[in-house]
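A quick write-up on the structure given underneath.
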Amino acid sequence: MPKKILIIEDDSFLQGLAAGKLSKDGFQVLTASTGEDAVKIADSENPDFVLLDLVLPTMDGFTVLEKIRSNAALAKTPVIVFSNLSEDKDIARARELGATDFMIKSNFTLDESSDKIKSILGL
């Protein structure tokens, strides 16, 4: 059974690119465009991995990360924050809230992101 990845990204173009790449790489892909939808989907679907943007409508990514980590079923689920917020304080806050890793969007290709996900999942 393929690993289930939740992509939380409000930019529909970027979300589509990431979903297409990860689907092609053999993952089952779920998507959310708002923080509220992300939490609902994470709670109901128990993804194996979460790719999380920080700037989202209705609820920011930091709050989404807090809610994911407060759910016992998701507490150990790997979460990569994938954002253009790149200030040290944002990276530090994401790590304090339990992010597995922090990737600055503009510094990585989709191939590199997929490779990182595979590495974290041990694939």
Which members of segment 70-89 meet the condition of being in contact (Cβ under 8 Å) with a residue 24 or more places away in the chain, open to solvent by 20 Å² or more (accessible area, probe 1.4 Å) and either of a type in the set (Phe, Trp, Tyr) or not in a loop (DSSP other than H, G, I, E, B) (or both)?
82
Here is a list: 67, 40. Which entry is closer than 16 Å to residue 97 by Cβ, open to solvent by 60 Å² or more (accessible area, probe 1.4 Å) and outside any loop (DSSP other than H, G, I, E, B)?
67
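Yes/no matrix, rows are residues, columns are (1) β-branched (Val, Ile, Thr); (2) more than 18 Å from residue 114 (Cβ to Cβ):
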site	(1), (2)
1	no, yes
18	no, no
36	no, yes
77	yes, no
89	no, yes
94	no, yes
100	yes, no
103	no, no
Just the residues that are in a helix (DSSP H, G or I) and at pLDDT 95 or above, please, taken from segment 92-110.
92, 93, 94, 95, 96
Name the single residue, out of those in segment 43-64 being of a type outside the set (A, V, I, L, M) and outside any helix (DSSP H, G or I), that is surrounded by the most Cβ atoms within 10 Å (Cβ to Cβ).
53
By residue number, the members of segment 108-122 that are acidic (Asp, Glu) and exposed (fewer than 14 other Cβ atoms within 10 Å of the Cβ) are 111, 112
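The values are calculated or read from the model by the stated rules, or taken from the named source; none is laboratory data. Since the structure is predicted, the reported quantities are computational estimates derived from the model, not experimental observations. Quick reminder, even Gly has a Cβ in these numbers, built from the backbone with ideal geometry, and neighbours come from all protein chains shown. In case anyone asks, the SASA skips ligands and DNA or RNA and just uses the protein heavy atoms, side chains included. Shrake-Rupley method; radii C 1.70, N 1.55, O 1.52, S 1.80 Å.
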